[in-house]
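The values are calculated or read from the model by the stated rules, or taken from the named source; none is laboratory data. On a predicted model such as this, the values are computed, not experimentally measured, just so you know. Here the Cβ positions follow ideal geometry from the backbone for every residue, glycine too, while neighbour counts run over all protein chains shown. When the accessible area is computed, the model is the full protein with side chains, heavy atoms only, and any ligands, DNA or RNA have been set aside. Shrake-Rupley method; radii C 1.70, N 1.55, O 1.52, S 1.80 Å.
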Amino acid sequence: MTNALDVPLDPKVLEGLPQPPTITHQSPKDYIIDPRENIVIHCEAKGKPHPSFSWTRNGSHFDVEKDPKVFTKPNSGTLVIDISEEKAEAYEGVYQCTVRNEHGTAVSNNIVIRQSKSPLWSKERNEPVTVQVGVSLILHCRPPMGLPPPIIFWMDNSDTEGRIILNYNSNFYFRELFELLKFCVSFTPTHTAAPFWISAPRNLILAPKETGMLICHVGGNPKPTITWSVNGVPIENSPNDPSRKVEDNKIILSDVQAGSSAVYQCNASNEFGYLLANAFVNVLAEPPRVLTPPNNVYQVISNRQAMLDCASFGSPIPKITWFKDGQTAILDGDSYVLHENGSLQINPAQPLNSGKYTCVATNTLGNKENHVFLEVKEPTRILKQPEYKVVQRGSRAVFECKVKHDPSLIPTLTWLKDNGELPDDERFVVDSDSLTIIDVAEEDEGTYTCIMNTTLDKDSASARLTVVATPTPPIRPDPPRDLELTDQREQSVQLTWIPGDEHNSPTQLFLVQYEDSLHQPGVWHNMTEAPGTSTTAQLDLSPYVYYSFRVLALNDVGMSEPSTPSRQYRTNPSQPDDNPSDVEVAGTEPNNLVISWKELTGLQSNGPGLQYKVSWRQKETEEDWTSVIVANVSQYVVTGAPTFIPYEVTVQAFNDYGHGPKPGVVFGYSGEDRPMVAPENVKVLVQSSTMAEVHWEPIPPSAVRGRMLGYKVSYWKEKSLQKEDSRPKEKKELTFSGNETEGRLLDLHPYSQYSVNVRAFNGKGDGPANDDLKFETPEGVPGAPAFLRIIDLNLDSLTVEWGPPEDEYGRLTGYTLKYQPINSTDELKEMTLLANETSISLENLKYSTRYMFYLNAMTIKGSGPVVTTAITIVDEGEARLFTETGTAMASRQVDIATQGWFIGLMCAIALLILVLLIVCFIKRNKGGKYPVKEKEEAHQDPEIQPMKEDDGTFGEYSDTEDHKPLKGSRTPSNGTVKKDDSDDSLVDYGEGGDGQFNEDGSFIGQYSGKKEKDTQEGNESSEAPSPVNAMNSFV
């Protein structure tokens, strides 16, 4: 059935909207008038168009215009009857108002007008009544009749309150007869009632084709009779309407048509009275209207509820849809709630909910929208609250109150003292975020509250001001006193106390302690804490405890002494509330099961005779539980248990007063034993000369006898297949977790024999290993030769000697020897030598040349790592200048002297030197002789050598000069260099005959600033240096 619009409607809606008449005010049905005043019979109504009024009196039309003493108020049906010159009895009767317009007719109640009559007492003499003390008495009261009926009061000048009763017939009874009279009155059988409303019919506004219902629900005894009228005419006498159906107290309207508006009357009556109600049915076809004012701005504090209104009217009833910021429709859910009246609830509102909201009302005749705005504001919060102050009399007190609020809201700060206004005293100075009290007096002591108000919310905070007379230093508080136990219950009690002196430092908290003189006499335990402003604490108690309580106070200085203990409070025993905790189940031997737990404390026992019921059975079986009773222990050992079997275990506490709660089941295993068998089908797959894989089959679960942790693989080298190995056998072990069935053996020695075995292990230990399985690794590349050295060094020959590798890792097939001059473009020479050779002589080497040698051993698997050495050959082989050895990778080394970039760099340096020499030659020709000393002082460069004096020319650069000694080379034992065609020697520029050399054999000694020569040599002119020597100095 369609929901009809509720009425009365908003005046804005009624304006311009057709509406049947509705009576808004009428006089009561029984209207008793005062004969001294004019008679006013009310009948007010509304409707569109405005209705007309008419009256009936005693069932006949009452023509108001024909009676000059009667008139109606303007735009109203209210009658005013002037009885100043007429008796009121003339206008007594039954009046009824009828209200009409083109959409229907409404009628008022039958208003019975009667004149008020005062009661008159009959003339009688009341004689005094004498009764004996304690005898019941009835005083009769026979009041006169009156209109309205009189109200009876009894008055007495004595105190009889609670001992007298006024009964239903106005008689006066004393209490001694009350029970008897009550019994007699209870036999009265009648309980009648005039009709009364349970639910009066309501006005309906329906759209064409819609359906509605009028219900007239009344009560009464006897059951009222309900009759219906339409526009004041009994419904059975009104024109037939097929859309209307009457069912006792209901009228069902279906498929209503435009123009069928009417006013229906429901009359419910029985012999004790009647009820009359009007309800109109207004058939309207109206497009939607939004009644909420447009552009309303709703402001709400963040995290509070926001309610946006969208009151609407239309016929049919409009459907309301909400949009935010002109986007998609808001659905009912999450933080949005759409109410039936069209309102949108946002709970809680957040800043992101701020914005423009549009509600759209829609029905079949159109739609109407309205815009409202929501502003979600930040809450007002006091960031820095006023703090407790203890100040001396005559000093200054400052309370801070710093507030954060939404900047768009105007705040108002108010200060209160003891919840009242601040004293009107100039000593109180209020700033924007503080209150200052100047020259504090004793009467200023109290609680000060700052309140920050905005138009939407507020926040407040308080602090107390204590004024002290003298600057007495604070000390610890005195202990509380006068402890009392109140509100005593089985499991709780309330403790109260009186605080001791705070000594100028406020109490921060009270600590309540208890002693259990039954289980732990003399030991005090912390029980609870209470705020420093409190003097009571509600204490939760345990059964079977002999409690004593004491209280300590704490301030900024420290803790007070304990108070005197309270009287002892004993709680009754009961069954345990808890079972033992930390129950663990594990076996320590193959045939036992150890059950352990944490015992209950005396406080937890709840009664005498604390014991434990320990129960166990094998898991997932139908066996009965096996149980034992133990006391004063925290462990029980079950013997004779099968090895590593899962068990279910419970431990329950009980005492003389009953058992504890049902215990939880804990699972565990009996003791483990070592695995019974070794892994089978152990195989070794050799993958390379240094790695092998071991495979095995897992042992059956029945043989594990515990928690399977994994397998251990042990292996060791038995011997080398090449030669005897005297080194001790090092046994290695690898562990593989879980049920793995394979593993890798790494870092094996090539060409060796190994042994391996596998065994399973569990929490108890290792099981047996399989028989040792031997395997061999194939040959690998050999190690580096044991040593490499140069012997028998001559001018153009030498001998290379080496030792076989310590680790041959196979059968040696030979050696590879490579050598090459360093910093030379000569090709690297390579020689393959037999495996049994350990030396070789090399001929036709270049003197004054540094060589690098490379040597490595070989097997059928390839070449091993290279060992290197370097040596420089000098004239006549008289001196071994430098030797270095080292091990290189097996791959061929790249000589920098053979690289193209290095050759190009050396050519560029040679060209640069040639250019410098040409410049020197030109300068020599221009300046005559060029002594070495002058050249050194001019150039400060020891690398530039003097020119030859005899011909003034540079020596030519040619390969024939290779026999000259290298720059920086050591001189013979006589300290001179063999003279060729240059008397100027590099030795003359050194600091002596002992030159220093770096790792590549080059000279690293520093030249001195001058050349020291004897007197005869000083008279000779310098000779030009050899270009070859100059080149050698750079090379």
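One table, with the values for the structure above:
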{"quantity": "Equivalent ellipsoid semi-axes - Cα gyration tensor, segment 732-811, angstrom", "calculated": "48, 12, 10"}
{"quantity": "Packing-based order for 688-698, 54-64, using average beta carbon neighbours within 10 Å, highest first", "calculated": "688-698, 54-64"}
{"quantity": "Tyr657 paired with Tyr388, simple spin-label distance in nm, labels 7 Å along Cα-to-beta-carbon", "calculated": "4.0 nm"}
{"quantity": "Taking only Cα atoms of segment 361-495, radius of gyration then Dmax in Å", "calculated": "24.4, 85"}
{"quantity": "Paramagnetic label zone (point 7 Å from Cα along Cα-to-C-beta, His191; backbone N under 15 Å) in segment 198-235", "calculated": "220-223"}
{"quantity": "Sparse-neighbourhood loop sites, trypsin sites (Lys or Arg not before Pro) in segment 380-443 - DSSP loop, at most 15 other Cβ within 10 angstrom", "calculated": "Arg393, Arg396, Arg427"}
{"quantity": "Two-site label geometry, Ala258 and Glu65: point separation in nm, points 7 Å out along Cα→Cβ", "calculated": "3.6 nm"}
{"quantity": "Calculated P(r) of segment 526-569 - Cα pairs past 17 Å, %", "calculated": "38 percent"}
{"quantity": "For peptides 27-35, 204-212, sequence by mean Cβ density within 10 Å, most packed first", "calculated": "204-212, 27-35"}
{"quantity": "Interchain or long-range residues, amide H under 5 Å from Glu779's placed H", "calculated": "Tyr751"}
{"quantity": "In Å², nearest 10: area of Thr449 left accessible to a 1.4 Å probe", "calculated": "10 Å²"}
{"quantity": "Net charge, Ala88 excluded, C-beta distance under 12 Å - Lys, Arg +1, Asp, Glu -1", "calculated": "-2"}
{"quantity": "Positive minus negative residues near Pro51 (Lys, Arg vs Asp, Glu; Cβ under 15 Å)", "calculated": "+2"}
{"quantity": "Size descriptor, Kirkwood hydrodynamic radius, that averages inverse alpha-carbon separations across segment 17-131, Å", "calculated": "16.1 Å"}
{"quantity": "Segment 451-561 shape via C-alpha gyration tensor axes, a/c threshold 1.5", "calculated": "oblate"}
{"quantity": "Length-normalised contact order of segment 181-316 in % [C-alpha pairs under 8 Å, at least 6 apart]", "calculated": "27 percent"}
{"quantity": "Dipole magnitude (debye, nearest 20) for segment 609-758, charges at Cβ of Lys, Arg, Asp, Glu", "calculated": "480 debye"}
{"quantity": "Lys117 versus Asp332: modelled label distance in nm, points set 7 Å from Cα along the beta carbon direction", "calculated": "6.2 nm"}
{"quantity": "Derived scalar couplings ³J(HN,Hα) [segment 431-440; Karplus, 6.51 cos²θ - 1.76 cosθ + 1.60; whole Hz; x for Gly, Pro]", "calculated": "9, 5, 9, 7, 10, 10, 10, 9, 6, 4"}
{"quantity": "Shape box of segment 547-602 [Cα atoms, principal axes, largest first, Å]", "calculated": "61, 34, 13"}
{"quantity": "For segment 787-852 versus segment 201-234, the gap between their alpha-carbon centres in whole angstrom", "calculated": "130 Å"}
{"quantity": "Scattering curve values for segment 305-397, log₁₀ I(q)/I(0), Debye with Cα scatterers, q = 0.12, 0.16, 0.17, 0.24 Å⁻¹", "calculated": "-0.48, -0.70, -0.76, -1.23"}
{"quantity": "Value of relative contact order over segment 624-774, rounded to a whole percent, pairs C-alpha under 8 Å and six or more apart", "calculated": "25 percent"}
{"quantity": "Rounded if a/c under 1.5, otherwise prolate or oblate - segment 417-494, Cα gyration tensor axes", "calculated": "oblate"}
{"quantity": "Stretch gain in nm, segment His519-Ile922, where the contour uses 0.36 nm per residue and the Cα spacing is subtracted", "calculated": "133.2 nm"}
{"quantity": "Highest average packing first - 625-633, 456-464, Cβ atoms within 10 Å", "calculated": "456-464, 625-633"}
{"quantity": "Kirkwood hydrodynamic radius over Cα pairs of segment 206-353, then Stokes diffusion coefficient at 37 °C and 0.692 mPa s, in µm²/s", "calculated": "172 µm²/s"}
{"quantity": "Net charge contributed by nearby residues that have their C-beta within less than 15 Å of Leu600 (K/R +1, D/E -1)", "calculated": "-4"}
{"quantity": "Span from the segment 411-466 Cα centroid across to the segment 299-347 one, whole angstrom", "calculated": "42 Å"}
{"quantity": "Sites matching GluC sites (Glu not before Pro) across segment 769-854 that sit in DSSP coil, with at most 15 neighbouring C-beta atoms within 10 Å", "calculated": "Glu806, Glu827, Glu837, Glu843"}
{"quantity": "Contour excess over end-to-end distance, with Cα ends at Asn739 and Asp556 and 0.36 nm allotted per residue", "calculated": "59.4 nm"}
{"quantity": "Residue-span extension gain [Ser596 to Asn58] - 0.36 nm each, minus C-alpha spacing", "calculated": "183.6 nm"}
